[in-house]
Each structure stands twice: as structure tokens, then as C-alpha cells.
Amino acid sequence: MDIDTLAAQEPQTIDDALDCMETGLRFFHEAHDRRAIFLRLYHKMTLEVHAAINGCGDYEGRDVFMEPGWVRRLSGHFSTLYFKSLKAPATERAWTLAYETAARPGSSVVENALLGINAHINFDLPRAIAKNLEGDDVGDFMTMQKRKFDHDQVNNLLVRTLNPVQEILAKDYEPGIAAADWLLGHLDERVSEAALRHYRERVWWDALAYASAPDEERKRIVYNKLEWQSHRLAERLSSTKWMWRTERALNAVIVPFRRKAKWAATPIEERCCKHDPLELEQPVGEIRRSQAPA
């Protein structure tokens with residue numbers, strides 16, 4: 001396995017995506033490559049979506065998505081763009097900045113995580129959604145309402161993973177995160193939830209603009225907007241030096257009092273279930289809203 005092989009992966013479904021992510025995590029962990037930080041949290045969040053699609057774990061007996069097959073395919077398209085980013089050209093500046101940060105030894109774990117989240121959500125996700133809308137009538141109100149509902153349901157799933165992701169990053173890469181989380185109480189989760197919902201809402205409308213663009217010239221206009229927005233936010237994140245210094249200082253205090261830290265100590269979680277992909281292609285009908293994630 002090398003980085004070129006990893007970047008060439010093109011998963012088509014959520015199960016394919018998880019297989020490829022696990023391959024990537026093993027590759028990065030063996031090399032102590034800090035690109036693992038974002039991929040670790042991305043894998044955890046994708047596991048949550050996988051459980052909801054398949055109705056297992058906390059979602060047993062519950063219908064979460066109106067059309068789980070659509071979300072299942074979206075997860076494949078979305079992760080394909082992540083793997084392509086590993087060989088991204090310098091013109092994709094949000095990813096370039098994220099990977100430059102990951103290449104610095106001792107760079108902040110939270111900074112690495114946020115730069116990856118920014119690039120993948122604000123730059124990649126609108127294009128992935130647009131691709132997944134191919135074959136749909138983008139102008140059909142009823143179809144788009146179902147798609148938007150399922151998009152928003154993913155928001156709720158991701159919110160559920162915020163605290164577990166912090167715990168994993170603290171155990172695997174930097175225990176100082178746990179101390180910062182304790183000092184902030186629930187404030188960091190609330191801020192993260194608000195930011196997540198805000199940016200994913202904007203993503204939806206950017207995706208519709210991209211999908212409805214009538215030709216490549218107009219798609220390029222939307223693409224340029226996505227690239228500029230994601231890079232602008234990446235620069236703002238990177239400029240918050242005091243925050244990253246505080247995280248590293250907490251880690252410096254905590255680590256000497258622990259036994260030797262083991263890089264990526266938490267085992268990669270397995271999927272709780274797998275189903276025949278053909279079973280997931282049919283709409284589930286009206287969602288039982290009382291059973292949707294809060």
C-alpha cells in the first residue's frame with residue numbers, strides 16, 4: 001500500500017467507504033501520519049450513519065431515512081472525494097492547508113481535525129450531493145424535500161458523535177483534548193453542533209446550485225465559490241494560534257504523568273451489521289418521525 005493506491009480508491013457505497021477508510025487508517029497509523037486524525041473522526045461519523053441506514057445498534061427497529069439507499073450511495077461518492085484529496089492539486093487550497101498542517105510534527109490534533117472537517121464538508125460535500133442527485137429531477141419539489149430531509153437527518157447523527165469523537169482523539173493522539181473538554185464543560189459540543197448545522201445547511205443550497213448548473217462553465221462558477229469559501233475558513237482556523245498553543249500546553253502537562261502514550265491506541269470499531277445492498281435500494285416510505293434521532 002502507498003499513498004497513490006490509497007488516493008485511487010473510489011468507493012461507491014457506505015460499506016465500500018468504510019472498507020477504504022479502515023485501509024487508510026492502518027496505513028496512516030503504521031507511519032504515525034497525522035492525516036489519520038481527520039480520517040479517524042470521519043470513520044467514526046460514517047459508522048453512525050451506517051448503523052442508522054441498517055437499523056442496528058441504537059437504531060434497531062427505527063426508520064431514520066426516507067430513502068436509505070440514497071444516503072448509502074452518497075456516502076460512497078463523498079468518501080471518494082476524500083481519497084482524491086490525498087493527491088489534490090495546489091489549487092484546492094483548503095485541503096492543501098490541511099495536509100501542510102498534518103505534515104508538521106506535533107501539530108495540534110484539534111486543528112488537524114477542524115481543517116479536515118472544513119475541507120471535506122464545505123468543499124467536497126456539495127459536489128458529492130450534486131453527483132448523487134444525478135438522475136433525480138432537481139426541479140421536483142417532492143423529491144428534493146425527501147433528499148433534504150435525509151440530509152438533515154445526517155446532521156442529527158453527526159451531532160450524536162461529537163463527544164465520542166473527542167474521546168477517541170484524546171485516547172489515540174493527544175490526551176490534552178480530554179482536559180480541555182473537561183474545562184469547557186458542554187460549551188465546545190454546543191459550539192460544534194451550531195457550526196455543523198450552519199455549514200451543512202449552506203452546503204445543501206450550494207449542492208443544488210451545482211446540480212442545476214446547465215453547463216460546465218456555470219458549474220465552474222459554483223466550484224470556484226466552494227474552493228474560495230473553504231480556503232477562507234481554513235485560513236481563519238489556522239490563524240487561531242492561541243487555541244492550538246493552549247491545547248499543546250495542556251498535553252505537555254498531562255503526558256508526563258501518564259504511562260507512555262500509545263499512538264492510535266483505540267481499536268478501530270467494526271460495523272454492527274451488514275445487509276444485502278439490494279435491500280437498501282427501495283424507499284422505506286413515510287419516516288416515523290417520533291423515532292428519528294433527536
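The values are calculated or read from the model by the stated rules, or taken from the named source; none is laboratory data. Predicted model, so just to flag it, every value in this text is computed and none were measured. Glycine also receives a Cβ, built like all others from the backbone with ideal geometry; neighbour counts cover every protein chain displayed.
Using the structure shown, decide if Ser192 is at pLDDT 75 or above and either closer than 27 Å to Pro11 by Cα or surrounded by 15 or more Cβ atoms within 10 Å (Cβ to Cβ) (or both). Taking the combined requirement at face value, the residue does not satisfy it. Scanning the stretch 89-103 for residues that are touching a residue at least 40 places away in the same chain (Cβ under 8 Å) and out of contact with any Ser or Thr (no Cβ under 9 Å at 6 or more places or on another chain), which turns out nearest to Ala51 (Cα to Cα)? Top of the filtered list is Ala102.
Here Asp181, Asp206 are screened, and the one residue that is surrounded by 15 or more Cβ atoms within 10 Å (Cβ to Cβ) and either modelled with pLDDT of 95 or more or in contact with a strand residue (DSSP E or B) (Cβ under 9 Å, 6 or more places away or on another chain) (or both) is Asp206.
Filtering the stretch 52-88 to residues that are modelled with pLDDT under 95 and touching a Ser or Thr at 6+ places or on another chain (Cβ under 8 Å) leaves only Ala88.
Among the residues making up the stretch 61-113, those that are closer than 28 Å to Asn156 by Cβ, touching a helix residue (DSSP H, G or I) at 6+ places or on another chain (Cβ under 6 Å) and β-branched (Val, Ile, Thr) are Val64, Val71, Val109, Val110. Among the criteria (1) surrounded by 14 or more Cβ atoms within 10 Å (Cβ to Cβ); (2) in contact with a helix residue (DSSP H, G or I) (Cβ under 7 Å, 6 or more places away or on another chain), the one Asp137 does not fulfil is (1).
Within the stretch 1-27, if we keep just the residues that are farther than 15 Å from Leu39 by Cα and β-branched (Val, Ile, Thr), the residue that is surrounded by the most Cβ atoms within 10 Å (Cβ to Cβ) turns out to be Thr13. Here the condition is being in contact (Cβ under 8 Å) with a residue 60 or more places away in the chain and closer than 20 Å to Thr161 by Cα; of Asp16, Asp63, it holds for Asp63 alone. Pairs meeting the criteria (first residue in the stretch 105-125 and farther than 17 Å from Lys225 by Cβ and small (Gly, Ala, Ser), second residue in a helix (DSSP H, G or I) and modelled with pLDDT of 90 or more, beta carbons under 6 Å, at least 6 apart or on different chains) are Ser107/Thr101; Ala113/Ile37; Ala113/Phe38; Ala113/Leu41; Gly116/Phe38; Gly116/Ala98.
If you go through the stretch 19-50 and keep only what is of a type in the set (Asp, Glu), in contact (Cβ under 8 Å) with a residue 24 or more places away in the chain and assigned to a helix (DSSP H, G or I), you end up with Glu22, Glu48. Reported count of residues in the stretch 60-96, each being farther than 18 Å from Gln12 by Cβ and of a type in the set (Ser, Thr, Tyr), is 2.
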